[in-house]
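Where a number appears in this text, it was derived from the coordinates with a stated rule and is not lab data. All figures in this text were calculated on a predicted structure; none of them were measured in a lab. Note that we place each Cβ from the backbone using ideal geometry, even for glycine, and neighbour counts take in every protein chain shown.
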Amino acid sequence: MNALAEQITDAINHTMRDISKAAERCDFSELEHLTKKASELRAMKDQVVAIENRLVHMTNGTHTTAVPQQQRTPGVIRELGVEVTQGMINQNLLTLSDHIKRGMIRPGESLTIETVPSGDRFDTELLANGNKLQERGKIGKFYREAGVVAGDVVMLSEVTPGQWKLKKGEVVRYRRV
C-alpha cells in the first residue's frame, strides 16, 4: 500500500474513533457528518487502490485487487459483486454503477465473459449510458440458468485482462478499518 492509501486509512481510523465518541454523547448531528466523511474516505481509498492496480497492471502485468487480502479469490484481478434487482432481471441488465463510482471499472471497457456453470461465452462492453453491460440476451439467459432472483448477488471476476467469469455468488464486502 502506498503512502496516500496509508494516509487515508489513518484518516478512516481517526474518523471511526470520532464516530464512537459522538455515539457515546448521542450527538446525532456529528454522527451524520462523520459517517458521511467515513464513507467518502472509504470511496477515496477504493479509488486509490484501483488506480494503483491499473497502473501496476499496465506497466508490468502484475496486480492486486481492491478486495482486502483475506477476502481475495486467488488468481483474480478484479472481483465485482452486484446485488441483482427485479428490474435488472426483467430487463436482462447487469449494471455496475457502484463499481464505476469506486473506480474499479470504467465505461467503455470491453469484456469477454464466461458464465458459470454453463460455460457460455460472449463479448460485451460497459456502456456509459446507464453503467450497464451492452449484451442483454446472454445476461438474461445467465439469470434464468443460474436461478438468479431479486436480492441475489452475482460475481463478475476478471481472471486475465479482459477475460471475466460471471457466476451467482456471495458479495465481497469491504472490511471497514
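Listing for the model above:
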{"item": "Residues that are closer than 15 Å to Leu126 by Cα and in contact with a Phe, Trp or Tyr (Cβ under 6 Å, 6 or more places away or on another chain), drawn from region 80-113", "result": "Leu111, Ile113"}
{"item": "Candidate set from region 112-138 (those that are aliphatic (A, V, I, L, M) and within 29 Å of Leu41 (Cα to Cα)); member that is surrounded by the most Cβ atoms within 10 Å (Cβ to Cβ)", "result": "Leu133"}
{"item": "Within region 17-34, tally of residues that are out of contact with any Ser or Thr (no Cβ under 9 Å at 6 or more places or on another chain) and assigned to a helix (DSSP H, G or I)", "result": "12"}
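Conditions tested, residue by residue: (1) within 25 Å of Ala50 (Cα to Cα); (2) acidic (Asp, Glu); (3) in contact (Cβ under 8 Å) with a residue 12 or more places away in the chain.
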| position | (1), (2), (3) |
| --- | --- |
| Leu94 | yes, no, yes |
| Ile105 | yes, no, yes |
| Leu126 | yes, no, yes |
| Gly140 | no, no, yes |
| Arg144 | no, no, no |
| Val148 | no, no, yes |
